[in-house]
Amino acid sequence: MAVRSRGPLEGIRVLDLSRILAGPFAAMLLGDLGADVIKIEHPKGGDETRMWGPPFVQGESSYFMSINRNKRSCTVNLKSPKGVDLIKGFAAKSDVIIENFVPGKADELGIGYAAIKAVNPSIIYASVSGFGATGPYASRPGFDAIVAGMSGLMSITGEPDGEPMRPGVALTDVMTGLFTHAAVNAALFHKQRTGEGQKIDSSLLDSGLAALVNVGSNFLTAGVEGKRFGTAHPSIVPYQSFKTSDGYILITVGSDSQFSELCSVLGLSELSTDSRFAKNADRVAHRTELIPILAKTLSSQSTKKWLSKLEATSVPCGPVNNMSQIFSDPHVVDRKIVQDVPHSKLGSVKLVGPAVRYSETPASIRLPPPMLGQHTKEVLKEVLGLNDSQIEELKAQKVI
């Protein structure tokens, strides 16, 4: 079978009305799969993340570039009646819309689900918000840090005796983008079978709750409150990072036999037969006694030295890398996930490419993150059939 070059969503058009992270991330993932993504931005400034930095590269935000590849940028003033008409025109010729207005705002602008469905009954309309379209918090704006706290994620992140910590990236935003991208694909499959579109309601809070997995289940099924364990695990010991002579190493023992192997490598074989530590449940109960013993030994040699010894066993282990270390790692280099993408202003830009490989319909980076309004004229002509004079008139009226 011949390999398609443009991905499984080739021929699908996505109108991306979202800004910041969750919505744009979902739209970018659809673009990676071959969809034609048209990013609608305000003529003055565009997506707020264009201003987020430093770092900037020749004035271009690194943040913005991380979540907006495979898109064409078209500027439209949504507060203009003619701008709304343009959006409806695009919607009539699109398969998917992604927006992240506070619930109710899109309706006020005249581009809510009902208004768009009237011009395209089979549209898939994905609304991304902080708290969803219903409930007492529906009208609140959604911010990742706020939702990370409200969802309980921060309460279980950080050192046991430290303050609640936000994850190092905007995790609820990223997860919401992933869930939304999956939901859109499921809705596209439903549409292919039935011809029926639908509205998708995804939220940061629901995504944060879904991400609690076992910790949430521990509370719901057994009444066990979540706690902070740093890098450790509430139910498995040892399962955490340890300081070495020159950095940190992660060791995640998943069985009693692996614990025995670990003890042998560390020269602490007696621990594996100690009644306090022989079984995982015993090690969990005696965590505070075991961990200092392991930590003292592991601190005596370098991360590389311990890895070389442990990698000859079945004990799962790995380094705690910084950005420089992981992006120069030979495995990462071999996988070619970091790609040099041609850019009209920067010459080229390094981006982390699609995380999933397809044997027959590969995801790819076809377009670099766009400059603000870079494709306005192009998409107005191509999608809506406008001519130069009509486009110049819209520009003069500050519609685009």
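A few points about this structure:
- Members of region 15-29 found to be closer than 15 Å to Ser127 by Cα and not polar (S, T, N, Q), listed by number: Leu15, Asp16, Leu17, Arg19, Ile20, Leu21, Ala22, Gly23, Pro24, Phe25, Ala26, Ala27
- Residue match in region 150-161 (condition: surrounded by fewer than 16 Cβ atoms within 10 Å (Cβ to Cβ) and of a type in the set (Asp, Glu)): yes
- Every listed requirement among (1) touching a strand residue (DSSP E or B) at 6+ places or on another chain (Cβ under 8 Å); (2) part of a helix (DSSP H, G or I) is met by Ile400 save one, (2).
- Scanning region 242-272 for residues that are among the polar types (S, T, N, Q) and open to solvent by 30 Å² or more (accessible area, probe 1.4 Å) returns Ser245, Thr252, Ser255, Ser257, Gln258, Ser260, Ser264, Ser269.
- Of the residues Ala170, Ala187, the single one that is under 21 Å from Pro103 (Cβ atoms), in contact with a strand residue (DSSP E or B) (Cβ under 8 Å, 6 or more places away or on another chain) and crowded, with 20+ Cβ neighbours inside 10 Å is Ala187.
- Only one of the numbered conditions (1) surrounded by fewer than 16 Cβ atoms within 10 Å (Cβ to Cβ); (2) free of Cβ contacts under 8 Å to residues at least 60 places away in the same chain; (3) more than 30 Å from Asp95 (Cβ to Cβ) is violated by Leu294, and that is (1).
- Spans of strands (runs of 3 or more DSSP E) in region 14-127 with at least 2 residues in contact (Cβ under 8 Å) with a residue 24 or more places away in the chain and farther than 21 Å from Gly177 by Cα: 71-75
- All positions within region 265-313 that are within 21 Å of Thr231 (Cβ to Cβ), among the hydroxyl-bearing types (Ser, Thr, Tyr) and assigned to a loop (DSSP other than H, G, I, E, B): Ser299, Ser300, Ser302, Thr313
- Verdict on Ile249 being assigned to a strand (DSSP E or B), under 29 Å from Ser155 (Cβ atoms) and of a type in the set (A, V, I, L, M): yes
The values are calculated or read from the model by the stated rules, or taken from the named source; none is laboratory data. Bear in mind the structure is a predicted one, so any value in this text is a computation, not a measurement. In this analysis, Cβ positions are derived from the backbone assuming ideal geometry, glycine residues included, and neighbour counts consider all displayed protein chains. Areas reflect the complete protein model, heavy atoms only, side chains present, ligands, DNA and RNA absent. Shrake-Rupley method; radii C 1.70, N 1.55, O 1.52, S 1.80 Å.
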